[in-house]
Amino acid sequence: MDKHLLKNLAKRIKELRKLNGYTQDDLSAYSGIARSTLGNIETASNDITFTKVNQLAKAFNMSLAEFLNF
């Protein structure tokens with residue numbers, strides 16, 4: 001994934017998490033993604049799969065279109 005896009009997505013995820021009042025542990029529980037993986041995603045240290053994008057959108061109760069609107 002393009003590094004610029006990855007950084008923007010990481011920022012979006014962190015902003016949504018904080019807006020919803022979630023800790024990384026909370027988001028991990030809601031999404032089924034390990035907390036350590038979420039930390040790597042939020043710092044753009046790791047690429048993110050479409051499956052994880054979909055899991056996060058569901059955890060935020062958003063459509064993929066809403067989730068990726070940044």
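The values are calculated or read from the model by the stated rules, or taken from the named source; none is laboratory data. Remember, predicted model here, so these are calculated numbers, not experimental data. Positions of Cβ are backbone-derived with ideal geometry, glycine not excepted, and every protein chain shown enters the neighbour counts. Surface areas here come from the heavy atoms of the whole protein model, side chains and all, with no ligands, DNA or RNA. Shrake-Rupley method; radii C 1.70, N 1.55, O 1.52, S 1.80 Å.
List of remarks:
- Estimated 222 nm signal from helices in the chain, with DSSP H stretches of n ≥ 4 weighted -39500 (n - 2.57), rounded to 500: -19500 deg cm²/dmol
- For the chain, size of Cβ-based charge dipole, Lys and Arg +1, Asp and Glu -1, in debye: 100
- Rounded percent of accessible protein surface that carbon and sulfur make up, the chain, 1.4 Å probe: 48
- Note on the chain: dipole from Cβ charges, positive end direction compared against Phe50, Leu27, Met1; the farthest Cα belongs to Met1.
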